[in-house]
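Below is one structure, written out as C-alpha cells; the observations come after it.
The values are calculated or read from the model by the stated rules, or taken from the named source; none is laboratory data. In this text the structure is predicted, and so the values were computed from the model without any measurement. Don't worry about glycine lacking a Cβ; one is built from the backbone with ideal geometry, like all the others, and counts go over all protein chains shown. Calculation scope for accessible area: heavy atoms of the full protein, side chains included, ligands and nucleic acids excluded. Shrake-Rupley method; radii C 1.70, N 1.55, O 1.52, S 1.80 Å.
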Amino acid sequence: MQTHFSLAQLADPDLAEANGILRNCVHCGFCTATCPTYVLLGDELDSPRGRIYLIKDMLEHDKPATAHMVKHVDRGKD
Ligand code: SF4
C-alpha cells in the first residue's frame with residue numbers, strides 16, 4: 001500500500017516500522033473473500049485491507065483512534 005509519511009515522521013522508529021508493515025499490503029483484495037467480518041458485513045473497512053487503510057490514515061495524519069476506526073478494527077480481533 002502506498003504511504004505518505006514525511007521524512008520527519010520516518011525518523012520515528014515506530015512509524016518507520018509501521019511504514020514497512022503498511023507497505024507490505026499490495027492491495028490485491030484476496031483477503032476479503034476469506035475475512036469473516038467482511039463476508040458477514042460487506043464493508044471494506046471490516047476487511048484486513050480496510051483496517052490497514054484506517055491505520056495508515058491515522059498514523060500518517062497523527063489522528064487519534066476515533067470511535068469509527070476502533071469499531072472497524074475491533075471487529076477483527078474476536
Ligand atoms: S492485506 Fe489483503 S489486500 Fe493487502 S496484501 Fe494482504 S490479501 Fe492483499
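Based on this model, can you work out whether A65 counts as within 16 Å of the ligand (Cβ to nearest atom), within 13 Å of the chain's Cα centre (by Cα) and either touching a residue at least 24 places away in the same chain (Cβ under 8 Å) or assigned to a loop (DSSP other than H, G, I, E, B) (or both)?
Against the criterion (within 16 Å of the ligand (Cβ to nearest atom), within 13 Å of the chain's Cα centre (by Cα) and either touching a residue at least 24 places away in the same chain (Cβ under 8 Å) or assigned to a loop (DSSP other than H, G, I, E, B) (or both)), A65 does not qualify.
Report, by residue number, each residue of segment 34-58 that is under 23 Å from N19 (Cα atoms), part of a helix (DSSP H, G or I) and either free of Cβ contacts under 8 Å to residues at least 24 places away in the same chain or more than 16 Å from the ligand (Cβ to nearest atom) (or both).
Listed by number, the residues that qualify are E44, G50, L54, D57, M58.
Of the conditions (1) within 13 Å of the ligand (Cβ to nearest atom); (2) open to solvent by 100 Å² or more (accessible area, probe 1.4 Å); (3) of a type outside the set (V, I, T), C31 satisfies every one except a single condition; which number is it?
For C31, the exception is condition (2).
If we keep just the residues of segment 11-28 that are loosely packed, with under 15 Cβ neighbours inside 10 Å and assigned to a helix (DSSP H, G or I), which is farthest from the ligand (Cβ to nearest atom)?
Per the criteria, the residue is P13.
Restricting the first residue to segment 6-24 and requiring it to be in contact (Cβ under 8 Å) with a residue 12 or more places away in the chain, which pairs with a second residue that is assigned to a helix (DSSP H, G or I) and aliphatic (A, V, I, L, M) meet a Cβ separation below 6 Å and a spacing of at least six or different chains?
Q9/L15; A18/L59
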